[in-house]
Amino acid sequence: DKFLYQDRKGFIWIATENGGLMLYHPDTDTAESFTAIDGIGPNIHSLYYDKQSDEMWIGTFLRGLYRRNLRTGETRHYSIKDGIGSDAVFYLAATPDGTVWASTTLGLSRYNRAADRFEKLGHRVLDDTFVYTLMTDRRGNLWAGTTLRGLYRIDRKSGKITQISTSTSPLRLNDMFVTSLAEDAQGNLLVGSNNNG
């Protein structure tokens, strides 16, 4: 997830920091730059592939977010005017209901398909802080790691948002700058930080 996705045709999409978006062809063992979207830029921070709709979501640094239909080639560009907090998109994730979430340097937004735009949560912290990483756990809850305000859990059923920080109990962080999230086979949450492991 995040950097690599294989589409229905078997092509592997690869996000790179300064080499743009790459497309690897396993049958021929070749890779090429994906150049079909003008202005996408060289810094691709995150990908999300929606298998059901056959759409690739592409998060860029400073050039917003793109949604490309892989069947038709139709591409839609989203920027601040479309509800995302910043054109610097750092992470993409989806929850079991099909909602696509975009974390940016200025907040977390969720995609409203009916309105074809993103919307804020109405949360005093998550609407404006740098959300560095996202993860959906096996229960369908969304976790959002920030650079200054710790970790947040968005409950799948209730929508309740809970913060985990260096002062919360019983769960406590060693560092408020959360850089990575994972869930192990037993359902334990693993949290990587910028300064404290």
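The values are calculated or read from the model by the stated rules, or taken from the named source; none is laboratory data. Source: prediction; values computed, not measured. Methodologically, a virtual Cβ is constructed for each residue, glycine included, from the backbone with ideal geometry; neighbour enumeration extends over all protein chains shown. The protein model used for the area step is the full one, side chains on, heavy atoms only, and it has no ligands, DNA or RNA in it. Shrake-Rupley method; radii C 1.70, N 1.55, O 1.52, S 1.80 Å.
If you take the Cα centroid of the stretch 107-159 and the Cα centroid of the stretch 2-29, the two points sit 26 Å apart.
Excluding ligands, DNA and RNA, the accessible surface per residue across the chain is 51 Å² with a 1.4 Å probe.
Apply the Kirkwood formula to the stretch 1-54: the hydrodynamic radius equals the inverse of the mean of 1/r over all pairs of different alpha-carbon atoms; give it in Å with one decimal. Intermediate values should be presented prior to the final figure.
Numbers: mean 1/r = 0.0867 Å⁻¹.
Radius from the Kirkwood sum: 11.5 Å.
Each residue of the stretch 8-15 is assigned a 3J(HN,Hα), and the resulting list reads 4, 7, x, 6, 9, 8, 10, 8 Hz, derived from the Karplus form 6.51 cos²θ - 1.76 cosθ + 1.60 (θ = phi - 60°), x at Gly and Pro. Overall, the accessible surface of the stretch 110-155 at a probe of 1.4 angstrom is composed of carbon and sulfur to the extent of 44 percent. With the whole protein complex present, Y5 retains an accessible surface near 50 Å², based on a 1.4 Å probe.
What does the charge add up to near E17, with Lys and Arg as +1, Asp and Glu as -1, over the other residues with Cβ less than 14 Å from its Cβ? Could you put the intermediate results ahead of the total?
On the way: positive: K2, R63; negative: none.
Around E17, the charge tally is +2.
Whole-Hz Karplus values for the stretch 39-56 come out as x, 5, x, x, 10, 9, 8, 7, 10, 9, 9, 8, 5, 5, 8, 6, 10, 9 Hz, taken residue by residue from phi with 6.51 cos²θ - 1.76 cosθ + 1.60 and θ = phi - 60°; glycine and proline positions read x. Calculated from the alpha-carbon coordinates, the chain shows an Rg and a Dmax of 16.7, 53 Å respectively. Each pair of Cα atoms in the stretch 85-197 enters the Kirkwood radius, and Stokes-Einstein at 20 °C and 1.002 mPa s then converts it into a translational diffusion coefficient of 152 µm²/s.
Among A114, F177, F34, pick out the residue whose Cα is farthest towards the positive end of the charge dipole of the chain, where Lys and Arg carry +1 and Asp and Glu carry -1 on C-beta, about the Cα centre. Projecting each Cα onto the dipole axis, the largest value belongs to A114.
Between amide H atoms placed 1.01 Å from N, distances below 5 Å from I164 occur with L151, Y152, R153, all of them 5 or more places distant or on a separate chain.
What is the ratio of the Cα radius of gyration of the stretch 18-97 to 2.2 N^0.38 Å, where N is its residue count, to two decimals?
1.11
The heavy atoms of S53 offer some 30 square angstrom of accessible surface to a 1.4 angstrom probe.
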